[in-house]
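S.K.: Pasting a structure here, questions to come.
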Amino acid sequence: MARLRIDNYAYAEVPRLGPRGWLRWMWRQVTSMRVALILLLTLALAAIPGSVLPQWPQDAGNTRAFLDEYPFWGPVLDRLGFLDVFGSAWFTAIYLLLFASLIGCIIPRCLVYWRDLREPVPAAPSRLDRFEPETVEAPHEASAVIGHARGWLEGGGPRWWRWLAGYRVRIDERPQRESQAGTELALSAHKGHVRELGNLVFHVSLVGILLAVAAGSMLTYRGQALIVEGDTFSNAVVAYDSYESGALFSEEQLSPWTLSLDRFDAVFGLDGNPDEFTAYTTLTEPGQEPRSVEAQVNRPIQVDGAKIYLQGNGYAPVFTVTDSEGNVAFEGAVPFLPQDAVYTSTGVVKVPDVTEGDQLGFAGTLLPTAVVDGDVASSIHPSPTNPVIYLEAFAGDLGLDAGVPQNVYALDESQLSPVRGDDGDPLVVAMEPGETVELPDGLGSITWQSLPRFAAFDLRRDPTLPWLLAASIGALIGLSMSLFATRRRLWLIAPVGAHAGRNTTVVTAAAWAPAHDMAVREDLEKVLARATGSLSLKEDS
């Protein structure tokens, strides 16, 4: 028995595909709905590493820490593009293939659908026996019977509503099958075009969603900024704590507006749960007068097509540090980040600009409402009822001159030594607002001046969001149409002329629908009732 080889080039008598044939075959495979669904699932799976692993564009510091923590797998994942998933070549390839597949599926189907709409519906079958027909007598002529039926099937209202909700109707006058001399009127009504329309609307909207997401990733920008009460933020890249933008967005496109945080109110209940956060700010846009605006949770400030969300808040104690020469080496507010629900906060003070000697660093813990129980101090409420800061002092090299970016909320203690007190233990002091502490060995002093609040803002600008919303709504509408629209066929046949010498017309009717659609029988009964005159417009409504 001869073995059949898959390679058709091995047989001279078999037609060869050739390069164009293979390209056509590959295009048909790519544009099949099966491949489109596979690519859509693959895209969803490929996006999972982007939400699980740290990504360079979103958080370079965390990504660098991930590489240090995993010296083997970190570089491997980085080379494979898993630390920049949405900018990797393989993710882009899946995205583009999905585009090609969906567009290749949709365009031919749209053309076929358009041609089908322009064509009349198929004529009624010559025999209705296999559709369990019903026969009734109508006290009207055939033309009146069919006219009444047509009016009910097409429905009322505006033309577009009749097209969506009604049947597409075709009426033919043809010879009777039983009689060569007589003629009959055959009505064929089809409903199902809306279902296919919904399917096309869903897939077109899906392409719109993908386009909006792709365009948004290139045209958007996002930044985070922390503003202390009394300070002003300028909309410039250097002013953001973190900033990222799409490939098609330039820094020159940033509008030079400013935002000043005048006051921040935080209202807490007796149990410590937050009731309300409100940031009172002053917004100044180019060429306009300053205006007062408020930001609350889920109530952003809108400016220049962007939204500024209130993302977080905390305390930013103001310190003044003098060096060994008595000169002011540092003065300003230092944000302390909350660590729990009662706003126990941690922060660091870095003092690199000393006149001479070692640089200074302080690691502190802020307790807004401090309570001391033996050797343990804790905060029992987030409001600053009894604020206390516990500071630990360090001296040495802060490592800021090495040119390596550092976390502003942590001290690099690799080249620092704890400042020791008179007992030889590391110096830890408890400070209250307005208090000054002199450091041992003449290193200087630190003063806690005041305790203002800070507000953390998240600014986002994405001009494609309205398009994304419209495409998402279109997808829901299309999906609903494709799921709930019905596919039904109704046929009525009425012979022309009186029947058996009487002024009546015998109407034969039948219907077809999928097995789960039992309501088609109701439509059949209603159209027969209308055709025979036993159902009025008022009763039908």
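The values are calculated or read from the model by the stated rules, or taken from the named source; none is laboratory data. All values reported here derive from a predicted model rather than from experimental measurement. Because the Cβ atoms are built from the backbone with ideal geometry, glycine has one as well, and the counts that use them run over all protein chains shown. Accessible surface areas use protein heavy atoms only, side chains included; no ligands, DNA or RNA. Shrake-Rupley method; radii C 1.70, N 1.55, O 1.52, S 1.80 Å.
S.K.: Scan (1) open to solvent by less than 10 Å² (accessible area, probe 1.4 Å); (2) modelled with pLDDT of 95 or more for the single condition Ala306 breaks and write down its number.
M.R.: With (1) open to solvent by less than 10 Å² (accessible area, probe 1.4 Å); (2) modelled with pLDDT of 95 or more applied to Ala306, the lone miss is (2).
S.K.: Which one of the conditions (1) open to solvent by 30 Å² or more (accessible area, probe 1.4 Å); (2) touching a Pro at 6+ places or on another chain (Cβ under 8 Å); (3) at pLDDT below 95 does Gln449 fail to meet, given that it meets all the rest?
M.R.: Here Gln449 clears every test but (3).
S.K.: Could you check the range 280-331 and list, in sequence order, the residues that are among the β-branched types (Val, Ile, Thr) and within 19 Å of Asp353 (Cβ to Cβ)? Steps first, answer last, please.
M.R.: Going through the range 280-331, the residues among the β-branched types (Val, Ile, Thr) turn out to be 281-282, 284, 293, 297, 301, 303, 308, 318, 320-322, 328.
Scanning the range 280-331 gives Val318, Thr320, Val321, Thr322, Val328.
S.K.: Residues being over 19 Å from the mean Cα position of the chain (by Cα), in contact (Cβ under 8 Å) with a residue 60 or more places away in the chain and open to solvent by 30 Å² or more (accessible area, probe 1.4 Å): count how many of those fall in the range 34-58.
M.R.: Qualifying residue count for the region: 1.
S.K.: Take the range 87-124 and flag every residue that is outside any helix (DSSP H, G or I) and hydrophobic (A, V, I, L, M, F, W, C). Give the steps one after another, and end with the answer.
M.R.: Of the range 87-124, the ones outside any helix (DSSP H, G or I) are 88, 119-124.
Listed by number, the residues that qualify are Val121, Ala123, Ala124.
S.K.: I'm trying to understand the selection: among the residues of the range 269-289, which are of a type in the set (A, V, I, L, M, F, W, C) and at pLDDT below 95? If you could, list the steps in order and put the result at the bottom.
M.R.: We begin by selecting, within the range 269-289, every residue of a type in the set (A, V, I, L, M, F, W, C); these are 270, 277, 279, 283.
Across the range 269-289, the qualifying residue is only Leu270.
S.K.: Checking Val201 against (1) out of contact with any helix residue (DSSP H, G or I) (no Cβ under 7 Å at 6 or more places or on another chain); (2) in contact (Cβ under 8 Å) with a residue 40 or more places away in the chain: exactly one of these is not met. Which one?
M.R.: (1)
S.K.: Which residue is farthest from His140 (Cα to Cα), if the candidates are limited to the range 504-530 and must be surrounded by 16 or more Cβ atoms within 10 Å (Cβ to Cβ) and without any contact (Cβ under 8 Å) to a residue 60 or more places away in the chain?
M.R.: Ala513
S.K.: Please specify each residue of the range 290-303 satisfying the condition of being farther than 25 Å from Leu219 by Cα and at pLDDT below 95.
M.R.: Answer for the range 290-303, where residues must be farther than 25 Å from Leu219 by Cα and at pLDDT below 95: just Val297.
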